[in-house]
Structures are given as C-alpha cells and as structure tokens.
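> Please read through the structure below; I'll follow up with questions.
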Amino acid sequence: MRPILFETSILIASLAISCGPPPVFARPTTANNARSDDPWLLGAQCTADTPADANLRIQVLAEGTGAPVTPGMTVRAHYVASMSDGHVVHDEDLPSEIILGSTKTICGFERALAGMRPGEQRRIEVPWQLAFGDAGRPPEIPPRTDLVFVIDLYLPADLVINAGGPPPNPIQNGRVGQPPPGQTMH
C-alpha cells in the first residue's frame with residue numbers, strides 16, 4: 001500500500017510542476033470605441049485654487065502597462081460611479097473619451113486619471129469638494145456628497161502610435177490624430 005501512495009504522490013507532484021501556475025492574462029490596454037459626449041462627468045474642473053491634497057484616495061486594483069498618462073493626452077475610461085454606501089448612480093456600457101486637462105470633467109475624476117497606465121484599474125474615493133460640490137447633481141447626487149469611482153483606463157485603439165506607449169496628443173503638428181512626421185500609425 002505504501003509504494004502506491006508514494007508513486008501517486010510523485011505523479012501528482014510531477015503534474016503540478018510540469019503544468020506550472022495558471023496563466024495570467026494581460027488586461028486590455030486599448031478600446032476601439034468610446035463616447036465623447038458623456039454629460040454625467042461634466043462639472044467644475046480643477047483650478048489653481050483647488051487644493052492639491054484634497055483627500056482624494058486612490059487604490060490600484062489592477063496594474064496597467066506602458067507609460068503613465070499625462071495632461072494633454074487622449075484616453076478612454078470606463079467607470080462605475082457610486083455613493084460611498086455602495087449605491088451605483090452611473091454605469092455606462094461604453095468608455096468615455098477624455099482629453100486630460102481640457103475636457104470639462106469634474107476635478108476629482110480628472111486627477112484620478114493622471115498617472116494611470118493603460119489597462120490599469122483604480123478605485124477612487126472623491127470628496128464632495130472635487131465631485132459635484134455644494135450643489136450636488138440633483139436628483140441623483142445630493143449636495144456635498146462624496147463619490148466612489150472604479151475606473152478602467154484604455155488608450156484609443158485608433159490613435160495608438162507605439163504599442164504599449166502613451167496615447168498621442170490629439171493635435172500634433174496642426175493635424176488632429178496624426179503622428180509626427182517620420183512616424184506611421186500602426
């Protein structure tokens with residue numbers, strides 16, 4: 001009986017070693033389509049008077065790849081917005097296309113995107129001052145309400161110049177969505 005148990009143990013160990021760990025699938029880094037008219041995020045942009053340390057809490061749920069995005073870049077973000085009690089107030093099927101720093105997006109959401117990498121997912125707790133402020137967004141969002149966003153960041157698939165790199169500036173050399181001279185679109 002003992003030899004059979006020993007042989008079975010060796011067989012199981014050999015299988016475990018040869019099969020290895022389960023594969024890790026990369027998160028998508030591009031989105032083929034998006035909406036550019038997402039009115040839900042319209043609100044007060046960050047200004048020079050907006051405090052830099054306004055208690056925006058960021059938790060990375062899944063790492064992204066490539067260079068972090070910076071102001072002026074075009075990105076696509078899918079998000080779910082909820083109240084701090086977990087009640088979902090907005091969930092759109094398509095990602096929203098945003099030009100960091102120039103789209104009229106609420107300050108906290110814009111700050112949450114800065115520094116994200118393509119394919120990254122973040123959970124952001126946005127204090128009311130960086131969300132819809134004193135007025136709220138009736139009837140969904142009462143005045144002075146903190147919000148929680150879960151955001152997935154993508155690059156626009158139709159504008160990617162270097163795979164895995166940051167999205168291009170939407171206006172380069174006076175041409176919208178065109179690469180600099182000498183580079184070709186992939």
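Bear in mind that the values in this text are calculations on the coordinates, not laboratory data. On a predicted model such as this, the values are computed, not experimentally measured, just so you know. Here the Cβ is made from the backbone with ideal geometry for all residues, glycine too, and neighbour counts use every protein chain on show.
> When the C-alpha atoms of the stretch 116-160 are aligned to their principal axes, what extent does each axis show, in angstrom, from largest down?
39, 19, 15
> Taking 8 Å as the Cα distance limit and 6 or more residues as the minimum spacing, I'd like the relative contact order of the stretch 30-159 as a percentage.
Across the stretch 30-159, relative contact order equals 36 percent.
> Here is a further query. What is the Cα convex hull volume of the stretch 30-159 when expressed per residue in Å³?
So the per-residue Cα hull volume is 102 Å³.
> Starting at the first residue of the stretch 90-98, write each ³J(HN,Hα) from the Karplus equation 6.51 cos²θ - 1.76 cosθ + 1.60 with θ = phi - 60°, in whole Hz, x for Gly and Pro.
7, 8, 9, 5, 8, x, 9, 8, 9
> Place the peptides 69-81, 87-99 in order of packing, highest mean first, counting for every residue the other Cβ atoms within 10 Å and averaging per peptide.
Top to bottom by mean Cβ count within 10 Å: 69-81, 87-99.
> How big is D, in µm² s⁻¹, for the stretch 31-106 by Stokes-Einstein at 25 °C and 0.890 mPa s if Rh is the Kirkwood radius over C-alpha pairs?
Answer from the Stokes-Einstein relation: 170 µm²/s.
> Same structure, new question: Calculate the length of the line joining the C-alpha centroid of the stretch 125-151 to that of the stretch 38-71, in whole Å.
For the stretch 125-151 versus the stretch 38-71, the Cα centre distance is 14 Å.
> Could you give the size of the charge dipole of the stretch 30-159 about its Cα centre, using +1 on the Cβ of each K and R and -1 on the Cβ of each D and E, expressed in debye and rounded to the nearest 20?
Dipole about the Cα centre, nearest 20: 220 debye.
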